[in-house]
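J.: Starting off with a structure, shown below.
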Amino acid sequence: MTNNKIGIVGITGDLGSQLAQMAQAANLEVLGCSLSLKNGLTINDLVDQCDIVHICAPISVLGTLHQPHKSQVVLHDSVMNTSLQARSKYLSNSGAIVHMLMNQANTVIVASESTEHAKITKHLKQLGLHTQTMPIAEHDTIMARSQAPLAVLCQVLLPYLFEKQNSGLLTPSGELLAQTLHSRQLAWTDETTRSILRNPELSALIDDMQQAIQAARKPHKPSVEKMRKKYGLYT
């Protein structure tokens, strides 16, 4: 096992292939496996031969992992709570929990609850990524309010919008909404969408939306102070 060799489960996917390119650019040896690669390697081969193994595939792949192993496993689900549950179920609460945001800043969030935090942060910086550390609940709240709304709208509105668009019943803004949601849906796998919608922090967002709607339905009663200022009633 060597610090210069990393493993990537799901190396042919979007995230896995980008990680492989970063690692190779950093002069690290990469060992990868995936269902489509068919190179005979498995997740167990990777954890036996690599110091760090990135899981860029559905969490269920951990069900085939043998115990014990000495590698540092890195879980990449965009909902960190999902990784936390998987770590408890499959990894005896050991392993790093991260989320690569895939943005222009090359930001990767590292959960403060990760084991061997310093080691994994150093490794990610070696790959050219900018790391930020935060608790899992804080990260998932950000994702619930930035990533999840589009996923919710795709699930709830897109079939309806397509139906009305085919009947010529959408305004230009409605057509734009349908196109935007459709393009976003194409970029996500079904597993990604399901993971986003499992975010436990979504319930707080929905509560806030309901409160905003209820507040908007109440009669508007400007305060006396605001009315005086608006109409210059001060003497």
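The values are calculated or read from the model by the stated rules, or taken from the named source; none is laboratory data. All values reported here derive from a predicted model rather than from experimental measurement. Neighbour counts run over all protein chains shown; Cβ positions are idealised from the backbone, glycine included. To get the accessible areas, we keep the full protein, side chains included, count just its heavy atoms, and leave off ligands, DNA and RNA. Shrake-Rupley method; radii C 1.70, N 1.55, O 1.52, S 1.80 Å.
J.: Show the residue pairs that are 6+ apart or on different chains and have beta-carbon atoms under 9 Å apart, the first residue being within segment 202-217 and closer than 13 Å to THR141 by Cα and touching a residue at least 60 places away in the same chain (Cβ under 8 Å), the second being in a helix (DSSP H, G or I) and open to solvent by 70 Å² or more (accessible area, probe 1.4 Å).
T.: ALA204/ARG145; LEU205/ARG145
J.: Follow-up question, since we're still on this one. Of all residues in segment 33-48, count the ones that are free of Cβ contacts under 8 Å to residues at least 12 places away in the same chain and either open to solvent by less than 60 Å² (accessible area, probe 1.4 Å) or of a type in the set (Asp, Glu) (or both).
T.: 1
J.: Tally time: how many residues in segment 71-117 are outside any loop (DSSP other than H, G, I, E, B) and either more than 21 Å from ALA148 (Cβ to Cβ) or in contact with a helix residue (DSSP H, G or I) (Cβ under 9 Å, 6 or more places away or on another chain) (or both)?
T.: 25
J.: Taking the condition within 24 Å of HIS130 (Cβ to Cβ), surrounded by 23 or more Cβ atoms within 10 Å (Cβ to Cβ) and touching a residue at least 40 places away in the same chain (Cβ under 8 Å), does VAL74 pass?
T.: Yes; evaluated as a whole, the condition is true for this residue.
So that you can scan it fast, the table gives a plain yes or no per residue for (1) farther than 25 Å from GLN85 by Cα; (2) open to solvent by 80 Å² or more (accessible area, probe 1.4 Å); (3) modelled with pLDDT of 90 or more; (4) β-branched (Val, Ile, Thr):
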| site | (1), (2), (3), (4) |
| --- | --- |
| PRO172 | yes, yes, yes, no |
| GLU175 | yes, no, yes, no |
| LEU181 | yes, no, yes, no |
| GLN185 | yes, no, yes, no |
| GLU201 | no, no, yes, no |
| LEU205 | no, no, yes, no |
| ASP208 | yes, no, yes, no |
| ARG217 | yes, yes, no, no |
| LYS221 | yes, yes, no, no |
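J.: Could you check segment 124-141 and list, in sequence order, the residues that are of a type outside the set (A, V, I, L, M, F, W, C) and either outside any helix (DSSP H, G or I) or open to solvent by 10 Å² or more (accessible area, probe 1.4 Å) (or both)?
T.: Residues satisfying the conditions are LYS125, GLN126, GLY128, HIS130, THR131, GLN132, THR133, PRO135, GLU138, THR141.
J.: Just to check your reading of the model, which residue among VAL30, VAL79 is under 21 Å from ILE97 (Cβ atoms) and either buried (at least 19 other Cβ atoms within 10 Å of the Cβ) or modelled with pLDDT of 95 or more (or both)?
T.: On inspection, the qualifying residue turns out to be VAL79.
J.: While we're here: Can you find, within segment 49-70, the residue that is farthest from HIS123 (Cα to Cα) among those that are in a helix (DSSP H, G or I) and in contact (Cβ under 8 Å) with a residue 24 or more places away in the chain?
T.: GLY63
J.: Can you tell me which residue within segment 142-169, out of those that are in contact (Cβ under 8 Å) with a residue 60 or more places away in the chain and assigned to a helix (DSSP H, G or I), is most open to solvent (accessible area, probe 1.4 Å)?
T.: Restricting to residues being in contact (Cβ under 8 Å) with a residue 60 or more places away in the chain and assigned to a helix (DSSP H, G or I), the top hit is ARG145.
J.: Another one. Are any residues in segment 116-129 touching a residue at least 40 places away in the same chain (Cβ under 8 Å) and of a type outside the set (D, E, K, R), and if so, which ones? Even if it seems obvious, please write down each step before you answer.
T.: Here is the first cut: in segment 116-129, the residues touching a residue at least 40 places away in the same chain (Cβ under 8 Å) are 116, 119-120, 123, 126-129.
Hits for segment 116-129 are ILE120, HIS123, GLN126, LEU127, GLY128, LEU129.
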